[in-house]
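Data block below; observations after.
The values are calculated or read from the model by the stated rules, or taken from the named source; none is laboratory data. Predicted model, so just to flag it, every value in this text is computed and none were measured. Virtual Cβ from ideal backbone geometry, glycine too; neighbours counted across all protein chains shown. Accessible surface areas use protein heavy atoms only, side chains included; no ligands, DNA or RNA. Shrake-Rupley method; radii C 1.70, N 1.55, O 1.52, S 1.80 Å.
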Amino acid sequence: QVQFVESGGGLAQPGGSLRLSCVASGFAFSAYAMAWYRQAPGKQREWVATITDDSTGIYPDSVKGRFTTTRADAKNTVYLQMNSLKPEDTAVYYCSNGVSDSWGQGTQVIVSA
């Protein structure tokens, strides 16, 4: 079945960086665009980034210029490099292929001094 396993979260200071990873399985990874989402406490899940099957990155204004998503199709893995982190980036981060109803456990990112 479709599975996503996110990792790489943790505590970062404002202005710092983190790199998240998501290993996917159960579908033809290289043929799918992949997306990152986040959910902060008490808030709805928010789209953070998309990478197309040809590795074009698409971002909302809230993270554009700070976050970069890449993929390694040979490893069924998508990455999210987060720079210039802000306290409002604090959330649980998830990846998805935009088709499956499955979600992983997410990885917690906390940005705090």
Exercise. Regarding Ala35, is this residue in contact with a Ser or Thr (Cβ under 8 Å, 6 or more places away or on another chain), of a type in the set (A, V, I, L, M) and free of Cβ contacts under 8 Å to residues at least 40 places away in the same chain?
Worked result: no
For this session: Take Arg45 and decide whether it is open to solvent by less than 20 Å² (accessible area, probe 1.4 Å) and more than 22 Å from Lys75 (Cα to Cα).
Result: no
Exercise. So which residues in the stretch 32-42 are surrounded by 13 or more Cβ atoms within 10 Å (Cβ to Cβ) and over 13 Å from Ser21 (Cα atoms), if there are any at all?
Worked result: Tyr32, Ala33, Arg38, Gln39, Ala40
For this session: May I ask you to list the residues in the stretch 56-113 that are surrounded by fewer than 17 Cβ atoms within 10 Å (Cβ to Cβ), of a type in the set (Val, Ile, Thr) and closer than 16 Å to Gln13 by Cα?
Result: Ile110
Exercise. Which one is nearest to Thr68 (Cα to Cα), of the residues in the stretch 1-25 that are open to solvent by 60 Å² or more (accessible area, probe 1.4 Å) and at pLDDT 95 or above?
Worked result: Arg19
For this session: Quick one: which strands (runs of 3 or more DSSP E) lie wholly within the stretch 1-76 and hold at least 2 residues that are under 10 Å from the mean Cα position of the chain (by Cα)?
Result: 3-7, 18-25, 34-39, 46-51, 67-72
